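Undergrad: Right, I'll just put the structure down here and ask away after.
The values are calculated or read from the model by the stated rules, or taken from the named source; none is laboratory data. Since we're looking at a predicted model, the values are computed, not measured. Cβ placement follows ideal geometry from the backbone for every residue including glycine, while neighbour counts extend to all protein chains displayed.
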Amino acid sequence: MTKRIRIDEVEAVGYKAVLGMEKFIESTPLTRTHKDLIKIRASQINGCAFCIDMHTKDARKAGETEQRIYALNAWRDTPFFTKEERAILALTEEVTLISKHVSDETYKNAAEVLDETYLAQVILAIITINMWNRIGIATALIPS
């Protein structure tokens with residue numbers, strides 16, 4: 001694989017802005033589990049190997065089960081996820097695949113199980129991991 005630019009070195013100010021969003025997300029009351037599910041599921045959809053590797057390791061360290069991690073791409077067909085997690089995963093998928101738009105049904109379901117502030121933070125967390133995925137893929141970051 002050809003070596004690509006390191007955005008953190010070449011455009012430090014822009015990279016710090018993205019990092020600022022990550023720091024904001026980490027400062028919110030979003031649960032560790034919710035953050036991990038968002039990061040892993042969006043990274044799976046986007047095919048970001050670096051982020052999948054990083055966030056599955058982080059989730060395991062935080063106590064996430066292997067069973068739930070392995071079943072995440074088929075979450076609709078398992079009993080392993082709560083109503084809130086299902087709403088967050090559906091929203092994660094639709095925001096990540098934004099060209100298909102976020103359906104009224106998905107948004108309404110999320111708004112019914114999450115309060116307004118938490119919902120806003122979930123949306124911002126989804127947007128943030130999608131930025132990281134695009135950096136990882138565009139610069140060909142390799143898992144270690």
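Undergrad: Report every pair of residues separated by at least 6 positions or lying on different chains whose Cβ atoms are under 9 Å apart, first residue within the stretch 1-18 and hydroxyl-bearing (Ser, Thr, Tyr), second part of a helix (DSSP H, G or I) and surrounded by 12 or more Cβ atoms within 10 Å (Cβ to Cβ).
TA: From residues that are hydroxyl-bearing (Ser, Thr, Tyr), the pairs are Tyr15/Ile7; Tyr15/Asp8; Tyr15/Ile135.
Undergrad: Being free of Cβ contacts under 8 Å to residues at least 24 places away in the same chain, assigned to a helix (DSSP H, G or I) and under 24 Å from Arg134 (Cα atoms) is the filter here, so list the residues in the stretch 90-105 that pass it. Step through it out loud before you land on a result.
TA: The first filter runs over the stretch 90-105 and keeps only residues free of Cβ contacts under 8 Å to residues at least 24 places away in the same chain, leaving 90, 94, 98-105.
Retained after the next criterion (residues that are assigned to a helix (DSSP H, G or I)): 90, 94, 98-100, 104-105.
Selection gives Ala90, Glu94, Ile98, Ser99, Lys100.
Undergrad: Let me confirm something: among Ala120, Ala87, which residue is surrounded by 12 or more Cβ atoms within 10 Å (Cβ to Cβ), free of Cβ contacts under 8 Å to residues at least 12 places away in the same chain and in a helix (DSSP H, G or I)?
TA: Ala120
Undergrad: OK, next. Pairs please, first residue from the stretch 19-40 and acidic (Asp, Glu), second anywhere and surrounded by 13 or more Cβ atoms within 10 Å (Cβ to Cβ) and outside any loop (DSSP other than H, G, I, E, B), Cβ atoms under 7 Å, 6+ apart in sequence or on different chains.
TA: Listed by first residue and then by second, the contacts come to Glu22/Thr128; Asp36/His55; Asp36/Asp58; Asp36/Ala59.
Residue-wise test of (1) at pLDDT below 95; (2) exposed (fewer than 11 other Cβ atoms within 10 Å of the Cβ).
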residue: Lys3; (1), (2): yes, yes
residue: Val10; (1), (2): no, yes
residue: Tyr15; (1), (2): no, no
residue: Ser27; (1), (2): no, yes
residue: Arg32; (1), (2): no, no
residue: Asp36; (1), (2): no, no
residue: Ile98; (1), (2): no, no
residue: Asp104; (1), (2): no, yes
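Undergrad: Could you tell me how many of the residues in the stretch 47-57 are part of a helix (DSSP H, G or I) and either crowded, with 19+ Cβ neighbours inside 10 Å or among the aliphatic types (A, V, I, L, M) (or both)? Break it down stepwise before answering.
TA: Narrowing the stretch 47-57 to residues part of a helix (DSSP H, G or I): 49-57.
Of the ones still in play, those that are also either crowded, with 19+ Cβ neighbours inside 10 Å or among the aliphatic types (A, V, I, L, M) (or both) are 49-52, 54-56.
Matching residues across the stretch 47-57 total 7.
Undergrad: Moving on to the next point. Kindly provide the set of residues from the stretch 23-75 that are of a type in the set (Phe, Trp, Tyr) and closer than 19 Å to Ile135 by Cα, ordered by number. Let's see the steps before the verdict.
TA: Restricting attention to the stretch 23-75, the residues satisfying the condition of being of a type in the set (Phe, Trp, Tyr) are 24, 50, 70, 75.
Listed by number, the residues that qualify are Phe24, Phe50.
Undergrad: Sticking with this one: Touching a Phe, Trp or Tyr at 6+ places or on another chain (Cβ under 7 Å), surrounded by fewer than 18 Cβ atoms within 10 Å (Cβ to Cβ) and in contact (Cβ under 8 Å) with a residue 60 or more places away in the chain: does that describe Ile142? Don't jump to the end; show me each part of the working.
TA: Values: touching a Phe, Trp or Tyr at 6+ places or on another chain (Cβ under 7 Å): yes; surrounded by fewer than 18 Cβ atoms within 10 Å (Cβ to Cβ): yes; in contact (Cβ under 8 Å) with a residue 60 or more places away in the chain: yes.
Answer is yes for this residue.
Undergrad: Determine, yes or no, whether Arg60 is assigned to a helix (DSSP H, G or I) and within 25 Å of Leu141 (Cα to Cα). If you could, list the steps in order and put the result at the bottom.
TA: Details: assigned to a helix (DSSP H, G or I): yes; within 25 Å of Leu141 (Cα to Cα): yes.
Spelling it out, Arg60 is indeed assigned to a helix (DSSP H, G or I) and within 25 Å of Leu141 (Cα to Cα).
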